[in-house]
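Beneath this line is the structure, given in structure tokens, with notes to follow.
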Amino acid sequence: MRKFFIGTRLRVVELTRQPLTLGMLILLPPAVIEMYGIAVASFPQLPSLGADPATVGRITGTLFSVAFLAGLIGLFQVISARNGDERVAIAGFSRRIMLTSRLITMVVVSLAGAVVAFLVFNFRVTVANPLMAFWILTLAGLVYGLLGVIIGTLIPQPLEGSIVLVFMADLDNALSSGLFPLTASISLPVMGEIAVTDLVPLYHPHELFVSAVLQGELAAEHLLPVLGWIGGLLLVAFLAYGQSTGEGWIGMVPGWSK
Amino acid sequence: MSKSIKSQTGSEGKIVLQGKNLEKTYKPPVPFAGRRVTVLTGADITLYQGEIVGIVGENGSGKSTLMKILVGALQPDGGNVTDDVRIGWCPQETRLYDRLTVEETFELFAEAYDMSNEYMQKRREALAEKLDFKRFLDYRIDHLSGGNRQKVNLSVALLHEPEVLLLDEPYTGFDWETYLAFWNLTDTLVDKGTTIAIISHLISERERFDRILELKNGQLHEQEGPPGEPRSAAHREEEKNEEENGSTEN
């Protein structure tokens, strides 16, 4: 437990010593939310949007800014610390604890991103259920923070990893926003026929956020899929980290080591 | 000076670390996206308690790969490593967290080594005193000069008083005083029974080592030569032999 606390504390300390990251955390959400609001305001008022276009734009921008920032920080946390992590692990620090402390840092980043983005969003849009909306933003940050950690683990190069994350977040945001009402669907084993938009990571957080902002209600049918995404990504993150660091997936299981 | 320990123990000395038939080939991550580089082709290494061994070889000969395999940072394609001792590893690149201070770095590694806080502080103070970086303890790693960073890099490997110390180009960036302090420290450690293996592409003071192993064509060969003979003299001897062989062939 002591290792876990010291590891987590030092990860957070490291994070707070990155002025550029902290600056992005403060400056990026207002800029992105406003730009999305302005850009989407020129959209025609379609019934499928569910709200006026500017609000829809700000909703989309808020989710995107929280998710993308958390993803970027997750990605660079893993890539920049790879060599240090390897040495500390050889010295005796469990890789499982190291990854867990990184993931705790991700929660802190997601919370911080959600606070900033929510304050900006709430300044411009009347939110029906502020607390619920805030927690949903945090969940969206967690989903992308985990995706960032996984991408950084599998593609440990800053440029290549960032490119993957940028394209993924952009595509995901466009598909999940509802701005482009796509009807394409695919047939999957177990799940059956499913809309393509339902498969992207931000779709369910987006639906939850819209419901919390506009109706003040919890869209319960979307909560479980979000938790499923987080659980699945956590599992993949541990497996990928174990494999890429030579620990092996079994080494990431509590009570087991190589 | 401790260099006589090996000659005292000879092949009878206690084996502290052994690598047998080590093989390693770097393959491109994607087929046809790069070249395969074979660096180790059945390398054998045995380290005895209390000896100081130099590992030499030209650039790209696989010295750092060998050391990574010995510490467990890299899996060999073939062969195995056996050890049951505390190992300290000082890699060529510092492999520390840039945004942590020197004190925080020691705290993190002490935790990894399962050291108590009091013991860590005692060791940290002693190392900082010996290698002269006490005034930089509250500096961030990325705010240190190359030489001071290397001192911390080395000290992290020494923190838990390892029984085997594997050092990869440990004195890069050291000034003369620190270089001498480094050798003074290694003498003290070897006197206590610590085994030290030092990788260098250029070993200029052969008399400081009990043995010199040369990594060539993926395998280690012990360099022959009278103990204590300066490396430069051994070089001259080799060059003389080569010249003689060359003139015979002609």
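Worth pointing out:
- Residue list for the stretch B:186-231, filter: of a type in the set (A, V, I, L, M) and at pLDDT 90 or above: B:Leu189, B:Val190, B:Ile196, B:Ala197, B:Ile198, B:Ile199, B:Ile212, B:Leu213, B:Leu215, B:Leu220
- So B:Ile45, is it over 12 Å from the mean Cα position of the chain (by Cα), farther than 30 Å from B:Leu137 by Cβ and either outside any strand (DSSP E or B) or within 9 Å of chain A (Cβ to nearest Cβ) (or both): no
- Flag for A:Ile38 being exposed (fewer than 14 other Cβ atoms within 10 Å of the Cβ) and modelled with pLDDT of 90 or more: yes
- Count - residues of the stretch A:42-73 that are modelled with pLDDT of 90 or more and not β-branched (Val, Ile, Thr): 13
- Scan the stretch B:85-95 for residues that are among the charged types (D, E, K, R) and more than 8 Å from chain A (Cβ to nearest Cβ) and the total you get is 1.
- Filtering the stretch A:134-179 to residues that are closer than 16 Å to A:Val200 by Cα and of a type in the set (Ser, Thr, Tyr) leaves A:Tyr144, A:Ser176, A:Ser177.
This table checks each residue for (1) free of Cβ contacts under 8 Å to residues at least 12 places away in the same chain; (2) crowded, with 16+ Cβ neighbours inside 10 Å.
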position	(1), (2)
A:Val143	no, yes
A:Gln157	no, no
A:Ala169	no, yes
A:Leu179	no, yes
A:Ser185	yes, no
A:Glu193	yes, no
A:Pro201	no, yes
A:His204	no, yes
A:Phe209	no, yes
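- Residue in the stretch A:173-187 that is farther than 20 Å from A:Phe238 by Cα and touching a strand residue (DSSP E or B) at 6+ places or on another chain (Cβ under 6 Å) present: yes
- Of everything in the stretch A:21-35 that is among the β-branched types (Val, Ile, Thr) and without any contact (Cβ under 8 Å) to a residue 60 or more places away in the chain, the residue that is surrounded by the most Cβ atoms within 10 Å (Cβ to Cβ) is A:Val32.
- Among the residues of the stretch B:133-147, those identified as of a type outside the set (Gly, Ala, Ser) and more than 14 Å from every other protein chain (Cβ to nearest Cβ) are B:Phe133, B:Lys134, B:Arg135, B:Phe136, B:Leu137, B:Leu144.
- Qualifying residue in the stretch A:130-147 (condition: modelled with pLDDT under 95 and of a type in the set (Phe, Trp, Tyr)): no
- Residues in the stretch B:154-172 include none that are at pLDDT below 95, out of contact with any helix residue (DSSP H, G or I) (no Cβ under 8 Å at 6 or more places or on another chain) and farther than 13 Å from B:Trp89 by Cβ.
- Single residue of A:Arg58, A:Arg95 found to be buried (at least 22 other Cβ atoms within 10 Å of the Cβ) and within 13 Å of chain B (Cβ to nearest Cβ): A:Arg95
- In summary, A:Phe76 fulfils each of the numbered conditions (1) at pLDDT below 90; (2) within 14 Å of chain B (Cβ to nearest Cβ) with the single exception of condition (1).
- Single residue of A:Phe5, A:Phe64 found to be surrounded by fewer than 20 Cβ atoms within 10 Å (Cβ to Cβ) and in contact with a helix residue (DSSP H, G or I) (Cβ under 9 Å, 6 or more places away or on another chain): A:Phe5
- Number of positions in the stretch B:40-76 that are touching a Leu at 6+ places or on another chain (Cβ under 8 Å) and among the charged types (D, E, K, R): 3
- Among the residues of the stretch A:199-225, the one identified as closer than 22 Å to A:Val40 by Cα and acidic (Asp, Glu) is A:Glu207.
- The selection criterion, being under 13 Å from B:Ser200 (Cα atoms) and surrounded by 24 or more Cβ atoms within 10 Å (Cβ to Cβ), holds for B:Leu66.
Per-residue answers, yes or no, for (1) hydrophobic (A, V, I, L, M, F, W, C); (2) away from every other protein chain (no Cβ under 14 Å); (3) without any contact (Cβ under 8 Å) to a residue 60 or more places away in the chain:
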residue	(1), (2), (3)
B:Gly72	no, no, yes
B:Tyr97	no, no, yes
B:Glu104	no, no, yes
B:Phe109	yes, no, yes
B:Ala112	yes, no, yes
B:Ser116	no, no, yes
B:Leu131	yes, yes, yes
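- Which listed residue, of A:Val88, A:Val109, is within 13 Å of chain B (Cβ to nearest Cβ) and either at pLDDT below 90 or buried (at least 21 other Cβ atoms within 10 Å of the Cβ) (or both): A:Val88
- Some residue of the stretch A:19-27 being in contact with a Phe, Trp or Tyr (Cβ under 7 Å, 6 or more places away or on another chain), under 23 Å from B:Val102 (Cα atoms) and within 14 Å of another protein chain (Cβ to nearest Cβ): no
The values are calculated or read from the model by the stated rules, or taken from the named source; none is laboratory data. These figures come from a predicted structure and were not determined experimentally. Note that we place each Cβ from the backbone using ideal geometry, even for glycine, and neighbour counts take in every protein chain shown.
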